[in-house]
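Read the structure below first, then the notes.
Read-outs: derived from the displayed coordinates by stated rules, not from any lab. Note that this is a predicted model, so its numbers are computed, not measured. Note: ideal-geometry Cβ built from the backbone for every residue, glycine included; neighbour counts use all protein chains shown.
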Amino acid sequence: MQGNYFEPELECASREVLHYIQSKKLVKMVERCYKHVPTYKKRFDEMGLLPGDIRSIDDIRKLPFTYKTDLRDTYPFGMFAVPKEELVRVHASSGTTGKQTVVGYTKGDIDVWARCAARCITAAGGTKSDYIHISYGYGLFTGGMGIHYGAEKLGATAIPVSTGNTKRQIMIMQDFGSDILCCTPSYAMYIGETMRDMGVDPKSLKLRAGIFGAEPWTENMRKEIERLLSIKAYDIYGLSEIAGPGVASECVMQHGMHINEDMFYPEVIDPETGKPLPDGEYGELVFTCIGKEALPLLRYRTKDICCLNHTACECGRTFVRMEKPRGRTDDMLIIRGINVFPSQIESVLLSLGMAPNYQLVIDRVNNLDTLEVQVEINEDMFSDTVRDLEDMSRKISNALQSTLNVVAKVRLLEPKSIPRTDGKAKRVIDNRKV
């Protein structure tokens, strides 16, 4: 099968050509980092490493890792490799756990970002004749602007709706004839629910596809979104430190996300030892920004847990694929010694036909951790019969224990009890940290 490509000469390049491109870019980038970023020069000198020691992409494991703390310790511009006069854009993370993570872009970086995002839209079947409905947030958050640049680079029409006012968003989809929806998966769910409440048949819209990211979501949630909106739902991956949306995305085959590895070189490592892991083995995802100028990070540890797949894809792209991240090394929950990710709990709930609207409340009682899973019941499943509700709670609790070995109290809620958001859904409330 052949797919749509934005830059086929790169997206479908041989592995030998990609190796040459990656090697050439890495050598240039290492020289830039050593010359202009004091943190890297110090680290290289401490290791006895010189830029000339890096001759090809095969030498990448000689390089030191970079951590989010490096960006925060040098806040705001200490990791930049260009003078401030060369910056044309600055974005930043939310900074919920400390100082904001600041990301700078040169004119060249913006072009790279736009090209990568355009590839992602094209991979999902987008064309220059499409109307791209962008419901990611704009501002310091990278989501909205990244997709916006990609749509314009492709030649498509960007509709910069941003977040909020869901009924108005649906009206715009109807009136403007939006073809592709871009937002968080949890907001896509909310749009679908609102359409149902408004009596809007999604099949009456032109909408045919959605590109969703910025938060973890499961295959079961994909199926639910596709059912609610009558579209094909595609995953997109990005993080502010690397570029924003456009680092990787799914093609129409929906068998993993193709990484734009001519710009972002990926590795998967054991998070404990730092040693590389083979294809198919889950570990921490690491990126080196071989295509960036302002913030060319070396071996940046994302804390996302996933695996890589170098086998050929039916779409014709040769870029390596990454599986949907299972979770993060820093959002893994430890409940009485059991490691579990929220996405695993979500999979269990959805496998039982429950609504994908839930929260996990963790507490500590008498020095023991407790987990309460609060989950909404679908409207067609709701029953005020006490026995039925108890049976449903017991079924969920048993499934969590048998599947994940997690003991949890299950609390069933009426539909729409959990607050909706047009951004990332808040899934975990950990009262142990209070």
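The magnitude of the dipole of the range 333-430, with charges of +1 and -1 set on the Cβ of Lys/Arg and Asp/Glu and taken from the Cα centre, is near 340 debye.
When the convex hull of its Cα atoms is viewed from all sides, the range 76-233 shows a mean projected area of 10.1 nm². Ordering Ser249, Ser351 by the number of other Cβ atoms within 10 Å of each residue's own Cβ, fewest first, gives Ser351, Ser249. Residues in the range 82-87 carry Karplus couplings, in order, of 9, x, 4, 5, 8, 6 Hz; the curve used is 6.51 cos²θ - 1.76 cosθ + 1.60 with θ = phi - 60°, and Gly or Pro positions show x. Compared with the alpha-carbon gap, the fully stretched path from Lys275 to Thr311 is longer by 10.8 nm at 0.36 nm per residue.
By other beta-carbon atoms within 10 Å, ranking Glu193, Glu219, Glu224 with the fewest at the front produces Glu219, Glu193, Glu224.
Counting beta carbons within 10 Å around each of Met253, Met171, Met392 and listing the fewest first gives the order Met171, Met253, Met392. Here the dipole of the range 1-328 is about 480 debye; that uses its Cα centre as origin and unit charges on the Cβ of Lys and Arg (positive) and Asp and Glu (negative).
Residues in the range 101-108 carry Karplus couplings, in order, of 8, 9, 10, x, 9, 8, 4, x Hz; the curve used is 6.51 cos²θ - 1.76 cosθ + 1.60 with θ = phi - 60°, and Gly or Pro positions show x. Across the range 405-414, in residue order, what do the Karplus-derived ³J(HN,Hα) couplings come to in whole Hz, using 6.51 cos²θ - 1.76 cosθ + 1.60 with θ = phi - 60° and x for Gly and Pro? Computed from phi, the couplings for the range 405-414 are 6, 10, 8, 9, 8, 10, 10, 8, 10, 5 Hz. Remark: relative contact order (the chain) = 14 percent; criterion is Cα-Cα distance under 8 angstrom and separation of 6 or more residues.
Taking a straight Cα-Cα cut-off under 17 Å and skipping sequence neighbours fewer than 8 places away in the same chain, the aspartates and glutamates within cross-link reach of Lys28 are Asp53, Asp58, Asp59, Asp109, Glu261, Asp262, Glu293.
Looking at the range 228-279, the GluC sites (Glu not before Pro) that sit in a DSSP loop and have at most 13 other Cβ atoms within 10 Å of their own Cβ are Glu272. Residue pairs exceeding 22 angstrom between C-alpha atoms, taken from Lys153/Lys223; Lys324/Lys424; Lys275/Lys303; Lys153/Lys292; Lys68/Lys153; Lys99/Lys426: Lys153/Lys223; Lys68/Lys153.
Bridge orientation summary for the chain: considering DSSP beta bridges with both residues in this region, about 65 percent are antiparallel. Between the alpha-carbon centers of the range 284-311 and the range 151-217, tell me the distance in whole angstrom. Going from one Cα centre to the other spans 30 Å. Placing +1 on the Cβ of every Lys and Arg and -1 on the Cβ of every Asp and Glu, with no other charges, gives the range 162-302 a dipole of roughly 620 debye about its Cα centre.
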